[in-house]
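*Asks:* The structure follows.
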Amino acid sequence: MTEAEIRTLAAQALADIAPEADLASVEDDEDLREALDLDSMDFLNFVIALSEKSGLKIPQADTTRLYTMQGLVSYLASR
């Protein structure tokens with residue numbers, strides 16, 4: 001999966017959880033939860049949506065690696 005595909009996937013997953021959130025306004029090293037005002041349930045649902053849309057199983061232990069866009073891209077690209 002390319003970086004562009006991952007970013008598109010993340011934007012689609014986020015649109016399902018928080019349609020008002022603008023992923024494009026978030027810096028790559030910014031905490032997505034804080035920048036997009038996602039509570040713990042929203043973030044969990046975001047991770048579940050990423051998993052479903054990508055077809056990759058994302059263990060709960062790995063969710064901390066998805067806190068930033070940079071981490072999310074790196075994580076999904078390596079899988």
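Listed here are the residues, each with its yes/no results for (1) free of Cβ contacts under 8 Å to residues at least 40 places away in the same chain; (2) more than 11 Å from the chain's Cα centre (by Cα).
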residue	(1), (2)
Met1	no, yes
Gln12	no, no
Val26	no, yes
Glu30	yes, yes
Ala35	yes, yes
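*Asks:* Please note which helices (runs of 4 or more DSSP H) are completely contained in the range 1-75 and include at least 3 residues that are surrounded by 17 or more Cβ atoms within 10 Å (Cβ to Cβ), at pLDDT 95 or above and on the phi < 0 side of the Ramachandran plot. Talk me through it step by step, then tell me what you get.
*Replies:* Details: elements: 3-17, 32-35, 40-54.
Where helices (runs of 4 or more DSSP H) fall fully within the range 1-75 and carry at least 3 residues being surrounded by 17 or more Cβ atoms within 10 Å (Cβ to Cβ), at pLDDT 95 or above and on the phi < 0 side of the Ramachandran plot, they are 3-17, 40-54.
*Asks:* Also, I was wondering about something else. Enumerate the pairs (first residue in the range 52-76 and without any contact (Cβ under 8 Å) to a residue 40 or more places away in the chain; second residue anywhere and acidic (Asp, Glu) and assigned to a helix (DSSP H, G or I)) with beta-carbon separation below 8 Å, excluding pairs fewer than 6 apart on the same chain, so at least 6 apart or on different chains.
*Replies:* Tyr75/Asp62
The values are calculated or read from the model by the stated rules, or taken from the named source; none is laboratory data. Remember, predicted model here, so these are calculated numbers, not experimental data. As a convention, Cβ positions derive from the backbone with ideal geometry for all residues, glycine included, and neighbour counts pool all protein chains shown.
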